[in-house]
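K.L.:
The structure follows.
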Amino acid sequence: MEKGAFTNWAGNLAYGTRQLIQPASITEIKEIIHQNSKLRALGTRHSFNSIADSDSLLVSSALLNRIISLDKVNNTVTVEAGIKYGELCGYLQENGYALHNLASLPHISVAGACATATHGSGYSNGSLATGVSGIEFINGKGELVSLTKEKDGDLFCGAIVNLGALGIVTSITLALQPAFTIRQWVFRQLPVDELEKNFKAIMSAGYSVSLFTDWRNNTITQVWIKSKSGKTDSFPSGFYGAIPASANLHPLEELSPENCTDQMGLEGPWHDRLPHFKMGFTPSSGTELQTEYFIPFEFGYEAFRAIEKMNSLISPHLYVSEIRSIAADDLWMSPFYKKICIAFHFTWKQNWNEVKILLPMIEETLEPFKPLPHWGKLFSMQPRLLQRRIERLNDFKDLMVQQDPQGKFRNQFIDSIFSDNRG
C-alpha cells in the first residue's frame, strides 16, 4: 500500500509505512517481532495522533478478535486483543454479564482502548483499563509475558496503560459484574451558573453523566444522564433549570438521533445505553478532529470558566464539547492516577491549520489546573511539561527497557514523550 493511502479513521493522519501485516496467531506475532527491528501494533485506528504510527511496519490486531473463554467461577472473560467492545458486549449480555463501563463509541478495540486509558464516564467509574484483571503480550525479546492483577500487583499496574510501548498485546482478561439495565435522560439548556453551586451534584447525578456545550450563550446545550434502573428511575420536570428533551437527540441537535442510543428514560441493557452511539451505525463519516484534556475534579468549575472565556475563538471551529468525570485509579501511565478527573473533550471541524493554533492557547489557559492529554488525541504539550506530571514516568521507562531493550516498539511519538528527563 502506498504511503498516504493508508489513514486513521478520521483521515487526518496518513501512516508512514507501506507495510501492514495481520497475524492470526501468537506464533505469527513472535516471528514478525523476531524478523523486524521496528514495528507498532495497530488497533481500530481511532487515534487522532501518531501514537500508533510507524515508518517501518504496522501489525494489525484485526484478525485477533475471538472470545477465548468465559470464567463463571471468577467472573472474568478473556478475549483476543483486537476484539471490539461492541462485538463482545452482546455475548456478555447473553450470559448474564456486564462490563463496568463503556466509551462513547463501541467500535473501538479492547487492547487499544486500555493502552490509551480511554474512559467512558462516571464519578465512581474508572477508565476501561481499570476493568482489566489480566494481560498477555509478546515483548521486544519475543517472549510471551503474562501478568495478572492478583499475582503481579504494581508491575501489572505499569503494563495496562502501555501506549503500545511494551510489545504486542495478544489477550486481555476483563472483570465482569452481573448484567444491569440503564435508563437514559437528556435535558436541554442547563444554565452554566448552576455549575458553580452544584458541580459535583450535577456530575454525579447518574451512573454516567455527560455535559455537551458549544461554549456559547452561557448554557450547557445538553445533559445526558445514564442511571442504573432501580437507582433513579425518574427525574423531576427539570434538572437544575434544564428542560427535559421531548424526543431523542443527537449531541449536535441538527443531526438525526437515529444512530444514538435510546433516551427518554427507556430502560435497556447496559451495552445499549452506556455508549452514546449504537454499534450497528457509523457515528459519523470521521471527518473531524478530537482533543481531550484531563484535570483534577476539584478544579472542574474553574477550568470550565477559563475555557468559556475563549468561546469566541473556539466555537467557530467546534462541532461540540463534552465534559465528563472519571474515577481515580492506580495505573502508572493513566491520566487518572490517584485522582478523580474532569475531562474536557473537543470535537473539532477538520480544519487542522486553525485547530493547531488553538491547542497551545487552550493548554496555556488550563495550565494552572495541571492538565494531562488523552494519549490518543491531538495535543501540543511539550514533553518536559508532560513528564513533570507523570508520577511513575521513570518506573515506566524502566519497564520499557526491561520488556523492549532494543526499542523495537518505540516510534517518534514514544521517543518524544519519553525523552530523557533524568539528567
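K.L.:
Arranged by the count of other C-beta atoms within 10 angstrom, fewest first, what order do Met264, Met381 take?
P.N.:
The order, fewest Cβ neighbours first, is Met264, Met381.
K.L.:
How far apart, in nm, are the 7 Å Cα→Cβ label points at Glu391 and Ala62?
P.N.:
4.1
K.L.:
Report the per residue volume, in Å³, of the convex hull enclosing the C-alpha atoms of the chain.
P.N.:
Dividing the Cα hull volume of the chain by its residue count gives 134 Å³.
K.L.:
Between Val401 and Ser237, what length in nm is gained on full extension when 0.36 nm per residue of separation is reduced by their alpha carbon distance?
P.N.:
Computed gain between Val401 and Ser237 is 53.3 nm.
K.L.:
Right, something else. Can you spot the aspartates and glutamates whose alpha carbon is less than 16 Å from Lys151's alpha carbon? Ignore those fewer than 8 places along the same chain.
P.N.:
Result set, ordered by chain and number: Glu136, Asp330.
K.L.:
Expressed as a whole number of Å, what is the distance separating the alpha-carbon centroids of region 263-277 and region 385-412?
P.N.:
Cα centroid of region 385-412 versus Cα centroid of region 263-277: 38 Å apart.
K.L.:
Sticking with this one: Multiply the residue separation of Gln177 and Asn198 by 0.36 nm, subtract the distance between their alpha-carbon atoms, and state the gained length in nm to one decimal.
P.N.:
In short, 4.5 nm is gained.
K.L.:
Under the definition of Cα pairs under 8 Å and six or more residues apart, what whole-number percent is the relative contact order of region 132-272?
P.N.:
25
K.L.:
Taking the alpha-carbon distance from Lys30 and a cut-off under 16 Å, which lysines remain once sequence neighbours fewer than 8 residues away in the same chain are dropped?
P.N.:
Lys38, Lys141, Lys408
K.L.:
Determine, for Ser419, Ser121, the number of other Cβ atoms within 10 Å of each Cβ, and report the residues in order from fewest to most.
P.N.:
Listed from fewest to most nearby Cβ atoms, that is Ser419, Ser121.
K.L.:
Given region 314-407, what count of lysine pairs have C-alpha atoms under 24 Å apart, with each pair 8 or more places apart or on different chains?
P.N.:
Pairs that pass both the separation and distance tests number 11.
K.L.:
Can you put Ile323, Ile172 in order, fewest other beta carbons within 10 Å first?
P.N.:
Ile323, Ile172
K.L.:
On a C-alpha basis, how far is the centre of region 182-257 from the centre of region 138-166 in Å? Whole number, if you could?
P.N.:
The distance from the Cα centre of region 182-257 to that of region 138-166 comes to 39 Å.
K.L.:
Separate question: In nm, what is the difference between 0.36 nm times the number of residues separating Asn311 and Leu70 and their Cα-Cα distance?
P.N.:
81.9 nm is the gain from fully extending Asn311 to Leu70.
K.L.:
Can you compute the helix-only [θ] at 222 nm over the chain? Use -39500 (n - 2.57) per DSSP H run of at least 4 residues, normalise by all residues, nearest 500 deg cm²/dmol.
P.N.:
-6500 deg cm²/dmol
K.L.:
Another question about this same structure. Using the charge dipole of region 181-373 (Lys, Arg: +1 at Cβ; Asp, Glu: -1 at Cβ; taken about the Cα centre), state which of Gln222, Ile357, Tyr207 has its Cα farthest towards the positive end.
P.N.:
With unit charges placed on the Cβ atoms, the residue in question is Tyr207.
K.L.:
Related question: Kindly provide the trypsin sites (Lys or Arg not before Pro) of region 376-423 that DSSP labels as loop, not H, G, I, E or B, and whose Cβ sees at most 15 other Cβ atoms within 10 Å.
P.N.:
Answer by residue number: Arg422.
The numbers here are math on the coordinates, done by the rules we state, and not lab data. These numbers were taken from a predicted model, which means no experiment stands behind them. Here the Cβ is made from the backbone with ideal geometry for all residues, glycine too, and neighbour counts use every protein chain on show.
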